[in-house]
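Enquirer: Below you'll find the structure I mean.
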Amino acid sequence: KKYDAELKFCGVVLRDLLSKKHEAYSYPFLDPVDPVALNCPNYFDIVKHPMDLSTIQKKYAGNEYDSADEFEADIRLMFNNCYKFNPEGAPVNLMGHRLEAVFDKKWQE
Ligand SMILES: Cc1ccc(Nc2c(-c3ccc(O)cc3)nc3c(C)cccn23)cc1
């Protein structure tokens, strides 16, 4: 059963993560990682289930999430992919932690 109120809140959180105010650290997460463009040919050897905010947005708009838990699982997958590929202390790793902190604060609201 879809719980509409909780799914509406997912849309509110997603819109915030996509907003310009976070663009300084959200840009690595806005679109699917392109291993050719980024010169990281080993990406798909390390990250088996890629995820990004544009894909989450498409799934949300397409009503593919049946619960907030499913939505959160994709958000966490996106960040955990980032931490797996980008070592602790690397710029993109730090951006992941910054954007995840934004998510965590809003999510626990
Ligand atoms: C050789 C190399 C090393 C690190 C990266 N990381 C990285 C990522 C990235 C995002 C999420 C993710 O799960 C994995 C990688 N996004 C970028 C961008 C937008 C610019 C520069 C580096 N970027 C790219 C190439």
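Enquirer: Within the set of pairs 6 or more residues apart or between chains, which connect a residue that is within 15 Å of residue 91 (Cβ to Cβ) inside the range 14-38 to a residue that is basic (Lys, Arg) and surrounded by 11 or more Cβ atoms within 10 Å (Cβ to Cβ) with Cβ atoms less than 9 Å apart?
Expert: 24/98; 25/98; 26/98
Enquirer: Please find, among 87, 28, 35, the residue that is open to solvent by less than 80 Å² (accessible area, probe 1.4 Å), outside any helix (DSSP H, G or I), on the phi < 0 side of the Ramachandran plot and not hydroxyl-bearing (Ser, Thr, Tyr).
Expert: 35
Enquirer: Here is a further query. Looking only at the range 1-51, count every residue that is at pLDDT below 95 and under 13 Å from the mean Cα position of the chain (by Cα) and tell me the total.
Expert: Total satisfying the criteria: 0.
Enquirer: Within the range 3-25, work out how many residues are farther than 17 Å from residue 78 by Cα and buried (at least 16 other Cβ atoms within 10 Å of the Cβ).
Expert: Adding up the residues that qualify gives 2.
Enquirer: Which one of these is within 16 Å of the ligand (Cβ to nearest atom), closer than 20 Å to residue 108 by Cα and either out of contact with any Phe, Trp or Tyr (no Cβ under 9 Å at 6 or more places or on another chain) or open to solvent by less than 60 Å² (accessible area, probe 1.4 Å) (or both): 52, 74?
Expert: None of the others qualify; the one that does is 74.
The values are calculated or read from the model by the stated rules, or taken from the named source; none is laboratory data. For clarity, every value in this text was computed on a predicted model and none was experimentally measured. Here the Cβ is made from the backbone with ideal geometry for all residues, glycine too, and neighbour counts use every protein chain on show. Note: accessible area is taken over every heavy atom of the protein model, side chains too, but ligands, DNA and RNA are not part of it. Shrake-Rupley method; radii C 1.70, N 1.55, O 1.52, S 1.80 Å.
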